[in-house]
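**Student:** Supplied in structure tokens, the structure appears directly below.
The values are calculated or read from the model by the stated rules, or taken from the named source; none is laboratory data. What you see is a predicted model; the values in this text were computed from it and never measured. Neighbour counts are summed over all protein chains in view; Cβ atoms, including those assigned to glycine, are modelled from backbone coordinates with ideal geometry. These area figures cover heavy atoms from the full protein model, side chains too; ligands, DNA and RNA do not enter into them. Shrake-Rupley method; radii C 1.70, N 1.55, O 1.52, S 1.80 Å.
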Amino acid sequence: MCRIGAIKSKEFFHPSKALHLMLPQQEGHDNSGFAMVMQDLAGVFSRHKDKPLLSLACSQRGAKMVEDYMETNNFTPIQEWIPRGVRGKKLDIAAMPYYIFRNYEYPEHYRDASWEEKEELLLSTRLALRILLEEAGEGFVYSFWPDVLTLKEIGDPADIATYFRLWENNGDLMAKNVVVQCRQNTNYDIVRYAAHPFFLQGYTLCANGENTFYTKNKEYQKSLHRGYIGFESDSQNFLYTMHYVLHELKWPIKYYKHVITPLPFEEISVRDDRAELTAIRQSLGHLEINGPNTIIAMLPDGNMVTCCDSKKLRPVVVGGDGTTVAIASEVCGINAILPERDQALDIYPNEREVVVIDAALEVKRWKQ
Amino acid sequence: METVRTQDVTVNDLPWKIEYARERCTMCGSCTAACSFQAIQPAMERRSVTISTGHQPEPSERHQARPVIRQVDSVANACTGCGMCEKICPNKAIRPVRNPDSRHALVARSGGQPLKRGGRTNLQAGRTLDKIVVGRISQMTDPALDSERHTFDIVAPFGRVLGPKELPFTAQGGELHLSDKTPPVNWIYPVIFSDMSIGALSTRAWEAIALATAYLNERCNMPVRMCSGEGGMPVKLLESEQLKYMILQIASGHFGWNRIIKAMPRMKVDPAGILIKIGQGAKPGDGGLLPAAKVAEHIQAIRGVPKADLMSPPNHQGLYSIEESVQKMHLSLNAAFKFRVPVAIKCAASATSVSVYNNLMRDPYRICGGFFIDGIQGGTGAANEVSLDHTGHPVVSKLRECYLSAVKQGRQGQIPLWAGGGVGLTGNAAADALKMICLGANGIFMGKILIQLMGCVGNENGRCNSCNTGKCPAGICTQDPRLAKRLNVDLAARNIVNYMLALDSELKKLMAPIGNSSLPVGRSDALVSTEQAIADKLAIQYVC
Ligand code: SF4
Ligand code: SF4
């Protein structure tokens with residue numbers, strides 16, 4: 001079973017905070033990996049926040065292939081940050097030769113394009129790079145998006161942190177939002193892509209638990225959008241549905257929960273909005289999610305979201321101190337990073353609840 | 001010997017022989033009265049008896065005329081093995097015994113007529129559904145649910161479901177509002193009482209099913225729907241509140257529609273749906289037949305016909321293509337109920353089921369509210385034996401193909417799939433239903449098991465199977481008032497209700513271990529098969 005977490009702060013913080021959030025929850029994960037998505041970056045990336053940032057792990061040949069592809073497609077590199085791994089020590093990590101985080105300038109003819117066009121371009125580019133690297137077996141590309149950095153690695157999270165020098169805050173890597181997980185996916189093949197969080201066009205999501213409707217979700221999602229690929233984990237379904245509901249259908253956030261864990265028909269029938277809820281339930285039945293699970297998601301605007309399965313079979317807790325809010329599977333994680341907060345104000349969302357934390361760290365919660 | 005022709009039919013040529021113990025028989029006459037086929041009759045036999053009346057044994061032999069019960073040696077009165085005589089005999093003096101050396105298949109065609117038969121399945125060796133098991137059991141990370149305590153949402157759609165992007169939503173202040181009409185969809189129990197007409201069944205049997213349906217809805221919170229079958233229904237019911245539990249059927253004979261149309265202005269509620277029957281699985285391509293023997297007076301009234309064989313042609317005459325014809329029918333039917341009632345169609349499973357389904361999914365009017373496919377393993381009624389035995393298509397793989405075809409197009413669920421034909425054949429309808437649902441059905445329909453629950457004694461091995469004769473010994477498939485009277489309506493309804501309550505619990509018992517509180521439509525990963533060919537065909541896991 002996974003443990004998941006996320007931190008949102010008014011101030012930039014270092015990813016070591018995310019590790020401190022996760023490690024006390026260690027009993028719940030098997031130390032098989034570490035992955036995080038950072039958004040709203042500072043440090044080395046503070047100057048080019050509007051330029052897409054490519055996150056990848058690859059071999060030397062893979063790096064060259066990516067460079068060639070980007071050049072052929074008129075992306076010009078602006079700056080890059082390549083973490084120097086701590087080698088020599090005996091660390092439990094299956095590191096790739098290179099981790100590259102590189103900002104690009106949009107191709108000339110895209111500079112005046114609309115945001116929608118740019119979004120499509122960024123997605124197409126990432127998908128193309130993924131196919132390129134996958135076919136050659138030379139690497140993995142996790143995200144290509146402005147102001148978003150993704151790191152995924154197989155191994156012991158503490159060792160991975162040592163390798164990437166994540167324990168030391170030298171100011172290089174800072175963000176206001178981090179979503180994190182310390183475990184490799186175990187449902188299917190152990191591959192780097194399978195580690196949560198997953199990312200698509202500004203939407204980030206990780207999940208703790210199971211999705212017993214994986215097959216039916218997958219079969220449906222495959223035809224919905226070209227970005228819905230991979231399916232290395234049943235948790236990807238949550239992300240794709242979120243993307244579909246918010247980005248494709250452009251529905252308000254509260255309907256996400258109505259799609260993944262619809263109310264029973266009996267409850268719907270006595271509500272004022274029964275016509276809408278019934279229509280949603282019947283048209284999006286194949287996106288429904290069954291099984292025990294909790295999700296934590298981050299939206300393009302940095303808002304963080306959490307909700308649970310309809311039976312509340314997996315835990316989650318939200319706690320904050322005014323400057324920082326953290327979401328975690330276990331309260332011990334939040335205690336580790338926000339020991340001074342008023343614990344009485346912690347929120348344990350229930351099976352019908354959606355919790356959203358906005359930029360002002362205001363916590364909104366509502367019943368489905 | 002010369003007075004007996006060797007071609008004469010004897011009891012030994014018939015499928016069942018009567019075993020009769022004269023010494024136990026008191027000649028009460030119960031058996032001959034009970035035998036609706038007149039397969040037995042009283043007769044006089046000259047018997048040799050040995051008696052001794054004195055103080056000393058002095059046996060002497062004489063001949064005596066004795067009354068006996070004798071089997072009639074004619075095809076028309078062949079014993080069907082129904083066992084009513086045995087059931088009723090107070091002295092256990094009589095019973096039917098299967099005759100393995102029967103020449104029935106040969107002698108019964110001597111009238112120049114094809115053999116007809118009702119109430120049993122086709123010649124089938126083994127069922128696919130029995131070679132599939134629910135294999136993905138949640139345990140540690142993915143806990144099974146408690147079937148007794150958790151709530152389960154066991155309902156299925158009947159009606160056209162729009163794709164998410166077709167929903168007429170407008171967003172206002174963080175809320176979505178439906179700004180236009182959507183096609184009607186009724187959410188009902190995923191088991192429909194299949195279409196058996198009020199002519200095929202006795203009025204009492206039909207009433208028992210209707211009663212069970214109403215009871216399940218009103219007392220048991222199970223929104224089960226019953227399909228009327230072709231031929232209409234009593235006006236009283238058409239004009240009652242209970243009409244909302246009924247799916248009205250229109251088949252190619254259009255029997256009974258006159259009455260339905262006439263009753264429309266007085267209908268208090270809408271029916272649950274309309275089912276247009278194009279074909280059925282048990283005798284595909286054969287159309288419907290209600291033999292004249294069963295066209296009683298009240299049937300003539302309901303259907304508006306004289307006493308004669310009533311045939312529904314094997315197709316809807318005047319229809320030209322799937323698109324055009326189905327649209328036409330749907331449009332007119334939808335218009336009749338002002339687009340408030342979902343309309344579905346039912347076809348026999350066949351090699352072309354997928355093409356039909358694909359066509360329906362492209363229907364630009366978004367008007368087809370369900371695709372019912374019917375496999376060969378079901379069926380009552382009167383079918384030519386040759387069609388029943390040698391035509392048709394099993395439904396499981398066809399259902400799966402239709403579902404997967406919808407998956408390919410991203411349209412799964414838009415036209416709900418309902419499948420039937422042999423569901424519950426082994427008595428376990430819940431297991432059959434769940435497997436069909438996992439393979440992609442939204443729900444199933446079942447008919448024959450209802451008859452069995454009401455007390456039908458027929459079986460798959462040629463016991464009784466006389467539903468076509470109008471002589472149903474259980475009073476289920478007959479219009480003879482004396483025979484129909486044998487059926488206890490309340491008891492029959494109670495049996496159906498009890499079975500459905502059990503089925504509901506069993507469905508939960510099957511949904512719980514796979515961790516699903518709503519119907520696992522298309523959750524094929526929950527199923528496994530121990531037979532490679534079946535696993536491959538249905539795209540499920542092979543296990544051994
Ligand atoms: S078994 Fe049925 S058909 Fe045969 S003699 Fe007895 S009652 Fe008549
Ligand atoms: S008992 Fe009636 S319903 Fe059953 S097989 Fe015989 S005739 Fe048909």
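**Student:** Tally the residues that are touching a strand residue (DSSP E or B) at 6+ places or on another chain (Cβ under 6 Å) and away from ligand 1 (no atom under 13 Å from the Cβ), restricting the search to segment B:451-471. Before you say what the answer is, go through the steps one by one.
**Tutor:** Filtering segment B:451-471 for residues touching a strand residue (DSSP E or B) at 6+ places or on another chain (Cβ under 6 Å) gives B:465, B:468.
Keeping just the survivors that are away from ligand 1 (no atom under 13 Å from the Cβ) gives B:468.
Residues flagged as touching a strand residue (DSSP E or B) at 6+ places or on another chain (Cβ under 6 Å) and away from ligand 1 (no atom under 13 Å from the Cβ) within segment B:451-471 amount to 1.
**Student:** Go through segment A:257-288 and count every residue that is at the interface with chain B (Cβ under 7 Å from one of its Cβ atoms) and touching a residue at least 60 places away in the same chain (Cβ under 8 Å).
**Tutor:** Step one: list which residues in segment A:257-288 are at the interface with chain B (Cβ under 7 Å from one of its Cβ atoms), which gives A:264-265, A:275-276, A:279, A:282-286, A:288.
Add one more test, that the residue is touching a residue at least 60 places away in the same chain (Cβ under 8 Å), and what stays is A:286, A:288.
Total meeting the criteria: 2.
**Student:** A follow-up question, please. When you scan segment B:4-24, how many residues do you find that are among the β-branched types (V, I, T) and within 16 Å of ligand 2 (Cβ to nearest atom)? Before you say what the answer is, go through the steps one by one.
**Tutor:** Step one: filter segment B:4-24 for residues among the β-branched types (V, I, T), giving B:4, B:6, B:9-11, B:18.
After this cut, where a residue has to be within 16 Å of ligand 2 (Cβ to nearest atom) as well, the list is none.
Total satisfying the criteria: 0.
**Student:** Another question about this same structure. Looking only at residues that are farther than 15 Å from B:M84 by Cα and within 15 Å of ligand 1 (Cβ to nearest atom) in segment B:478-488, which one is most open to solvent (accessible area, probe 1.4 Å)? Please lay out each step first, then the result.
**Tutor:** Step one: list which residues in segment B:478-488 are farther than 15 Å from B:M84 by Cα, which gives B:478-481, B:488.
Subsequent filtering for residues that are within 15 Å of ligand 1 (Cβ to nearest atom) retains B:478, B:480.
Values: B:T478: 0, B:D480: 42 Å².
Result: B:D480.
**Student:** Right, here's the next one. With respect to A:G319, determine if the residue is open to solvent by less than 10 Å² (accessible area, probe 1.4 Å), part of a helix (DSSP H, G or I) and of a type outside the set (K, R). Before you say what the answer is, go through the steps one by one.
**Tutor:** Details: open to solvent by less than 10 Å² (accessible area, probe 1.4 Å): yes; part of a helix (DSSP H, G or I): no; of a type outside the set (K, R): yes.
So A:G319 fails the test.
**Student:** While we're on this one: Given the conditions (1) of a type outside the set (F, W, Y); (2) buried (at least 23 other Cβ atoms within 10 Å of the Cβ); (3) not in a helix (DSSP H, G or I), report the number of the one that B:P306 does not fulfil.
**Tutor:** B:P306 satisfies every listed condition except (2).
**Student:** Given (1) closer than 28 Å to B:G378 by Cα; (2) open to solvent by 30 Å² or more (accessible area, probe 1.4 Å); (3) at pLDDT 90 or above, where does B:S353 come up short, assuming only one miss?
**Tutor:** Answer for B:S353: the failing condition is (2).
**Student:** If you don't mind, there's one more thing I want to ask. Can you tell me which residue within segment B:447-464, out of those that are in a loop (DSSP other than H, G, I, E, B) and more than 7 Å from ligand 2 (Cβ to nearest atom), is surrounded by the fewest Cβ atoms within 10 Å (Cβ to Cβ)?
**Tutor:** Filtering first and then ranking leaves B:N461.
**Student:** Can you pull out the residues in segment B:124-167 that are facing chain A (nearest Cβ under 10 Å) and among the polar types (S, T, N, Q)?
**Tutor:** B:S138, B:T141, B:T151
**Student:** A further question follows. Would you call A:I289 within 19 Å of the chain's Cα centre (by Cα), of a type in the set (V, I, T), surrounded by fewer than 23 Cβ atoms within 10 Å (Cβ to Cβ) and over 23 Å from A:F34 (Cβ atoms)? Break it down into steps so the answer makes sense when it comes.
**Tutor:** On the way: within 19 Å of the chain's Cα centre (by Cα): yes; of a type in the set (V, I, T): yes; surrounded by fewer than 23 Cβ atoms within 10 Å (Cβ to Cβ): no; over 23 Å from A:F34 (Cβ atoms): yes.
So A:I289 fails the test.
**Student:** Only one of (1) open to solvent by 20 Å² or more (accessible area, probe 1.4 Å); (2) within 22 Å of A:A35 (Cα to Cα); (3) modelled with pLDDT under 95 is not met by A:R126, so which one is it?
**Tutor:** Condition not satisfied by A:R126: (3).
**Student:** State which residue is farthest from B:G118 (Cα to Cα) when the search covers only segment B:257-285 and only residues that are β-branched (V, I, T) and open to solvent by 40 Å² or more (accessible area, probe 1.4 Å).
**Tutor:** Narrowing segment B:257-285 to residues β-branched (V, I, T): B:260-261, B:269, B:274, B:276, B:278.
Within this subset, residues satisfying the condition of being open to solvent by 40 Å² or more (accessible area, probe 1.4 Å) are B:261, B:278.
Working: B:I261: 31, B:I278: 20 Å.
Among those residues, the one meeting the criterion is B:I261.
**Student:** If you don't mind, there's one more thing I want to ask. Being on the phi < 0 side of the Ramachandran plot, open to solvent by 10 Å² or more (accessible area, probe 1.4 Å), within 16 Å of ligand 1 (Cβ to nearest atom) and small (G, A, S) narrows it down to one residue among B:A431, B:A474, B:A533; which is it?
**Tutor:** Details: B:A431 fails: within 16 Å of ligand 1 (Cβ to nearest atom); B:A533 fails: within 16 Å of ligand 1 (Cβ to nearest atom).
B:A474 is the lone residue from the list that is on the phi < 0 side of the Ramachandran plot, open to solvent by 10 Å² or more (accessible area, probe 1.4 Å), within 16 Å of ligand 1 (Cβ to nearest atom) and small (G, A, S).
**Student:** Tell me, which strands (runs of 3 or more DSSP E) wholly within segment A:15-132 include 1 or more residues that are in contact with a Gly (Cβ under 7 Å, 6 or more places away or on another chain)? Lay out the reasoning, then the answer.
**Tutor:** On the way: elements: A:33-43, A:52-58, A:76-81, A:98-105.
Hits in segment A:15-132: A:33-43, A:52-58.
**Student:** Which residues, taken from segment B:176-210, are charged (D, E, K, R) and in contact with a Pro (Cβ under 7 Å, 6 or more places away or on another chain)? Spell out the reasoning first.
**Tutor:** Here is the first cut: in segment B:176-210, the residues charged (D, E, K, R) are B:180-181, B:195, B:204, B:207.
Hit for segment B:176-210 is B:D180, nothing else.
**Student:** Of the residues B:G424, B:G440, only one is touching a residue at least 60 places away in the same chain (Cβ under 8 Å) and assigned to a loop (DSSP other than H, G, I, E, B); which?
**Tutor:** Numbers: B:G424 fails: touching a residue at least 60 places away in the same chain (Cβ under 8 Å).
Checking each option against the conditions leaves just B:G440.
**Student:** What number of residues in segment B:83-107 are open to solvent by less than 60 Å² (accessible area, probe 1.4 Å) and within 15 Å of ligand 1 (Cβ to nearest atom)?
**Tutor:** So the first thing to find is which residues in segment B:83-107 are open to solvent by less than 60 Å² (accessible area, probe 1.4 Å), and the list is B:83-85, B:89, B:91, B:93-94, B:96-97, B:99, B:102, B:104-105, B:107.
This time we only want the ones that are within 15 Å of ligand 1 (Cβ to nearest atom), so: B:83-85, B:89, B:91, B:93-94, B:96-97, B:99, B:102, B:104.
Selection size over segment B:83-107: 12.
**Student:** Just to be sure I understand, how many residues within segment B:397-416 are among the hydrophobic types (A, V, I, L, M, F, W, C) and either surrounded by fewer than 24 Cβ atoms within 10 Å (Cβ to Cβ) or in contact (Cβ under 8 Å) with a residue 60 or more places away in the chain (or both)?
**Tutor:** If we filter segment B:397-416 for residues that are among the hydrophobic types (A, V, I, L, M, F, W, C), which is where we start, we get B:399, B:402, B:404, B:406-407, B:415.
Restricting the remaining residues to those that are either surrounded by fewer than 24 Cβ atoms within 10 Å (Cβ to Cβ) or in contact (Cβ under 8 Å) with a residue 60 or more places away in the chain (or both) gives B:404, B:407, B:415.
Summing the residues that are among the hydrophobic types (A, V, I, L, M, F, W, C) and either surrounded by fewer than 24 Cβ atoms within 10 Å (Cβ to Cβ) or in contact (Cβ under 8 Å) with a residue 60 or more places away in the chain (or both) in segment B:397-416 gives 3.
**Student:** When segment B:309-345 is examined, which residues are found to be in contact with a Cys (Cβ under 9 Å, 6 or more places away or on another chain) and in a strand (DSSP E or B)?
**Tutor:** Listed by number, the residues that qualify are B:V343, B:A344, B:I345.
**Student:** Further, regarding this structure: Would you check which residues across segment A:216-244 are without any contact (Cβ under 8 Å) to a residue 40 or more places away in the chain and either in contact with a Gly (Cβ under 7 Å, 6 or more places away or on another chain) or surrounded by 24 or more Cβ atoms within 10 Å (Cβ to Cβ) (or both) and list them?
**Tutor:** Hits for segment A:216-244 are A:S223, A:L224, A:Q236.
**Student:** Just give me the residues in segment B:409-421 being assigned to a strand (DSSP E or B) and either within 14 Å of chain A (Cβ to nearest Cβ) or under 18 Å from B:G458 (Cβ atoms) (or both), in sequence order.
**Tutor:** Going residue by residue through segment B:409-421, those that are assigned to a strand (DSSP E or B) are B:417-420.
The one that is assigned to a strand (DSSP E or B) and either within 14 Å of chain A (Cβ to nearest Cβ) or under 18 Å from B:G458 (Cβ atoms) (or both): B:L417.
**Student:** From the list B:T26, B:T80, B:T32, pick out the single residue that is surrounded by 12 or more Cβ atoms within 10 Å (Cβ to Cβ), of a type in the set (V, I, T) and in contact (Cβ under 8 Å) with a residue 60 or more places away in the chain. Reasoning before the result, please.
**Tutor:** Working: B:T26 fails: surrounded by 12 or more Cβ atoms within 10 Å (Cβ to Cβ); B:T32 fails: in contact (Cβ under 8 Å) with a residue 60 or more places away in the chain.
Being surrounded by 12 or more Cβ atoms within 10 Å (Cβ to Cβ), of a type in the set (V, I, T) and in contact (Cβ under 8 Å) with a residue 60 or more places away in the chain holds for just one of B:T26, B:T80, B:T32, which is B:T80.
**Student:** If a residue must be away from every other protein chain (no Cβ under 11 Å), hydroxyl-bearing (S, T, Y), open to solvent by 10 Å² or more (accessible area, probe 1.4 Å) and more than 25 Å from the chain's Cα centre (by Cα), how many such residues does segment B:503-530 contain?
**Tutor:** Restricting attention to segment B:503-530, the residues satisfying the condition of being away from every other protein chain (no Cβ under 11 Å) are B:503-510, B:512, B:528-530.
This time we only want the ones that are hydroxyl-bearing (S, T, Y), so: B:505, B:529-530.
Adding the requirement that they be open to solvent by 10 Å² or more (accessible area, probe 1.4 Å) leaves B:505, B:530.
So of that shortlist, the ones also more than 25 Å from the chain's Cα centre (by Cα) come out as B:530.
Result for segment B:503-530: 1.
**Student:** Can you give me the ranges of the strands (runs of 3 or more DSSP E) entirely in segment B:117-212 with at least 3 residues that are surrounded by fewer than 22 Cβ atoms within 10 Å (Cβ to Cβ) and within 16 Å of ligand 1 (Cβ to nearest atom)? Quick ask: steps written out before the conclusion?
**Tutor:** Working: elements: B:132-134, B:156-159, B:169-172, B:175-178, B:185-188, B:191-193.
In segment B:117-212, no matching strands (runs of 3 or more DSSP E) lie anywhere.
**Student:** Something else about it: Scan segment B:465-485 residue by residue and report those that are at pLDDT 90 or above, in a loop (DSSP other than H, G, I, E, B) and more than 6 Å from ligand 2 (Cβ to nearest atom).
**Tutor:** Selection gives B:K471, B:G475, B:T478, B:Q479, B:D480, B:K485.
**Student:** Output the number of the condition that A:S32 fails; it satisfies all remaining conditions of (1) open to solvent by 20 Å² or more (accessible area, probe 1.4 Å); (2) out of contact with any Lys or Arg (no Cβ under 8 Å at 6 or more places or on another chain).
**Tutor:** Only one criterion is unmet by A:S32, namely (2).
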